[in-house]
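*Asks:* I'd like to ask some things about the structure below.
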Amino acid sequence: MSEITHVVKRSGAIVPFNPDRIMNAIYRAAVAVGGRDRSRAEWLAGRVVEVLKETTPVGHTPHIEEIQDIVEKVLIENGHAQVAKAYILYRDERNRQRRVDGRRASQPSENIPWAKIWHILDWAVSHRVHSVDALNERIVNGEFPQLVHESEAAYEDDVTTAANLITERQDELSLVIVSGPSSSGKTTTTIKLEERLKHRGVKLVALNIDNYFFDLEMHPKDEFGDYDFETPQALDLPLINTHLKRLSEGEEVSIPYYDFKTGMRHPNRTLMKLAKGEILLIDSLHGLYPKMSEDIPNKKKFKLYLEPLLQMKGPDRRYIRWTDLRLIRRMLRDAVHRAYKPKDTLEHWHYVRSSELRNIIPYLSTADYIINSAMPYELPLYRARLLDLFAEWETQYQDDPLRLDAYTRASRVHQVLQAIEPVEDDSPVPPDSVLREFIGGSSYTY
């Protein structure tokens, strides 16, 4: 029997063998199909290690693909066909994504709102913020306050349009959903939307979806002890769907309460019932995920999606990635409101992005309206706050094969921030700006 000490990653890097990674992968697949038995996942992982040792020739370092083949075999042989299917589908999806990332796509993605993007790009060109060079020129010319005003006006117009569309359908709606990936500005946008609709006589009642999280100990975690709470399966989707349906039909339900300090959910804490004419409002990362509201007909739902859809070319002449903007936003917000270090946010971000690509982006096309929450002026503010940290992380992770994702992101963001003219004074940014949700100083209470 061979002792396994190292494995070969797809990149060719050789890293220490960690059985916890196998258990985490099995448990993650189980959670995806509704399973929560961590002890069974541990037993199955142990069986995978046994088979791996029995079949690996002495002196051979197994490739990650060999290990994954054994995982599939063990799952099927031990009566876990559904878990095996989820594991195989996820594995196939990751391989397909790597192939796409390795070449230029020949066809446009259906998950990108091309019409909206064209409108935003046209705006960026006409306002001279379509590239880092153009942005820097406006800043050097002292136009930062004017740029803030122009950017905020464009965003506010988007919110007003969304409010108009909801108002037109208010008599048939039971549910308004504000959705979008992490740090897209959902909280501020929801508040602004409520303000506009209240002024028009539309009555909204908010439901906090965070109270439907499963207990923290039931979430998958990795070998570093980092919990993956980014997936829709971290939420009790059947219960959410049931409560949304009952509330939309005028019934009373008992809402649970989730204690983030203890990581525990307490059932039946708050009674809730909609009065006649009231519309339910939810602000949720996974609001577009079908199972969350599958029992409510689409004609009774208004689905709003938002994301910072920045159209600006960076120093490498490629468009700056939206996910990098949101990474920076979340770093700043988590450091202030959640006592979460920016470095921890960077290391956790691969979970955020992976879940978005599987569970959020594929449903973007089902939205009734899309809001662009990007502010072209935000990058100069970020340079003044985070440039040195990204330089430090780029160096720290450069030779760590277990932190390749963190290194890639740190290096890319560092390159962009280096090319930006810094702005330290954020006083031109309005107190009710969506950006204040992240940089602080907001007039809203979050």
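*Asks:* Might you let me know whether the stretch 8-20 holds any residue that is hydrophobic (A, V, I, L, M, F, W, C) and under 27 Å from Glu230 (Cα atoms)?
*Replies:* Yes, the stretch 8-20 contains at least one residue that is hydrophobic (A, V, I, L, M, F, W, C) and under 27 Å from Glu230 (Cα atoms).
To keep it simple, each residue is scored yes or no on (1) of a type in the set (Phe, Trp, Tyr); (2) in contact (Cβ under 8 Å) with a residue 24 or more places away in the chain; (3) in a helix (DSSP H, G or I); (4) in the same structural domain as Arg91 (by TED's automatic domain parsing).
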residue	(1), (2), (3), (4)
Ser11	no, yes, no, yes
Ala25	no, yes, yes, yes
Ser39	no, no, yes, yes
Leu44	no, yes, yes, yes
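*Asks:* In the stretch 257-269, how many are over 24 Å from the mean Cα position of the chain (by Cα) and modelled with pLDDT of 95 or more?
*Replies:* Qualifying residue count, the stretch 257-269: 1.
*Asks:* Tell me the residue from Arg10, Arg91, Arg38, Arg28 that is surrounded by fewer than 14 Cβ atoms within 10 Å (Cβ to Cβ), modelled with pLDDT under 85 and not small (Gly, Ala, Ser), please.
*Replies:* Arg10
*Asks:* While we're looking at this one, here's another question. Within the stretch 143-175, can you find the residues that are under 20 Å from Glu278 (Cα atoms) and not in a helix (DSSP H, G or I)?
*Replies:* Once the filter is applied, which keeps residues that are under 20 Å from Glu278 (Cα atoms) and not in a helix (DSSP H, G or I), the stretch 143-175 yields Arg169, Gln170, Asp171, Glu172, Leu173, Ser174, Leu175.
*Asks:* Could you list, in sequence order, the residues of the stretch 241-256 that are at pLDDT 95 or above and either small (Gly, Ala, Ser) or in contact with a strand residue (DSSP E or B) (Cβ under 9 Å, 6 or more places away or on another chain) (or both)?
*Replies:* Selection gives Thr242, His243, Leu244, Arg246, Leu247, Glu252, Val253, Ser254, Ile255, Pro256.
Listed here are the residues, each with its yes/no results for (1) buried (at least 21 other Cβ atoms within 10 Å of the Cβ); (2) outside the structural domain of Val429 (by TED's automatic domain parsing); (3) over 30 Å from Asp295 (Cα atoms).
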| residue | (1), (2), (3) |
| --- | --- |
| Asn136 | no, no, yes |
| Gly142 | no, no, yes |
| Ala153 | no, no, yes |
| Arg169 | no, no, no |
| Glu172 | no, no, no |
| Val176 | yes, no, no |
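Table: residues versus (1) surrounded by fewer than 22 Cβ atoms within 10 Å (Cβ to Cβ); (2) closer than 25 Å to Tyr305 by Cβ; (3) modelled with pLDDT of 95 or more; (4) out of contact with any Gly (no Cβ under 6 Å at 6 or more places or on another chain).
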site	(1), (2), (3), (4)
Tyr363	yes, yes, no, yes
Met375	no, yes, yes, yes
Glu394	yes, no, yes, yes
Val429	no, yes, yes, yes
Val434	no, yes, yes, no
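*Asks:* When the stretch 183-205 is examined, which residues are found to be within 24 Å of Glu356 (Cα to Cα) and in a loop (DSSP other than H, G, I, E, B)?
*Replies:* Residues satisfying the conditions are Ser183, Ser184, Gly185.
*Asks:* Can you confirm whether the stretch 332-344 contains a residue that is surrounded by fewer than 18 Cβ atoms within 10 Å (Cβ to Cβ), in a strand (DSSP E or B) and either modelled with pLDDT of 90 or more or in the same structural domain as Asn241 (by TED's automatic domain parsing) (or both)?
*Replies:* For the stretch 332-344, residues surrounded by fewer than 18 Cβ atoms within 10 Å (Cβ to Cβ), in a strand (DSSP E or B) and either modelled with pLDDT of 90 or more or in the same structural domain as Asn241 (by TED's automatic domain parsing) (or both): absent.
*Asks:* Quick check on this structure: which one of Glu137, Glu150, Glu143 is under 30 Å from Ser365 (Cβ atoms), of a type in the set (D, E, K, R) and modelled with pLDDT of 95 or more?
*Replies:* Exactly one of Glu137, Glu150, Glu143 is under 30 Å from Ser365 (Cβ atoms), of a type in the set (D, E, K, R) and modelled with pLDDT of 95 or more, namely Glu150.
Conditions tested, residue by residue: (1) assigned to a helix (DSSP H, G or I); (2) touching a residue at least 40 places away in the same chain (Cβ under 8 Å); (3) within 30 Å of Glu137 (Cα to Cα).
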residue: Met375; (1), (2), (3): no, yes, yes
residue: Ala391; (1), (2), (3): yes, no, yes
residue: Asp399; (1), (2), (3): no, no, no
residue: Thr408; (1), (2), (3): yes, no, yes
residue: Val429; (1), (2), (3): no, yes, yes
residue: Glu437; (1), (2), (3): yes, yes, yes
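*Asks:* Moving on. Could you list, in sequence order, all residues of the stretch 20-65 that are charged (D, E, K, R) and within 13 Å of His6 (Cα to Cα)?
*Replies:* Arg21, Lys53
*Asks:* Being aliphatic (A, V, I, L, M) and crowded, with 19+ Cβ neighbours inside 10 Å is the filter; apply it to the stretch 345-360 and report the residue that is farthest from Ala406 (Cα to Cα).
*Replies:* Only one residue tops the list, namely Ile360.
*Asks:* Kindly provide the set of residues from the stretch 207-217 that are within 25 Å of Ile361 (Cβ to Cβ) and not in a helix (DSSP H, G or I), ordered by number.
*Replies:* Matches in the stretch 207-217: Leu207, Asn208, Phe213, Phe214.
*Asks:* Can you give me the number of residues within the stretch 41-79 that are under 19 Å from Leu216 (Cβ atoms) and not small (Gly, Ala, Ser)?
*Replies:* Number of matching residues: 1.
*Asks:* Same structure, new question: Being surrounded by 22 or more Cβ atoms within 10 Å (Cβ to Cβ), among the polar types (S, T, N, Q) and farther than 30 Å from Arg128 by Cβ is the filter here, so list the residues in the stretch 267-325 that pass it.
*Replies:* Passing the criteria: Ser284, Ser293.
The values are calculated or read from the model by the stated rules, or taken from the named source; none is laboratory data. None of the values given here were measured: they were computed from a predicted structure. Don't worry about glycine lacking a Cβ; one is built from the backbone with ideal geometry, like all the others, and counts go over all protein chains shown.
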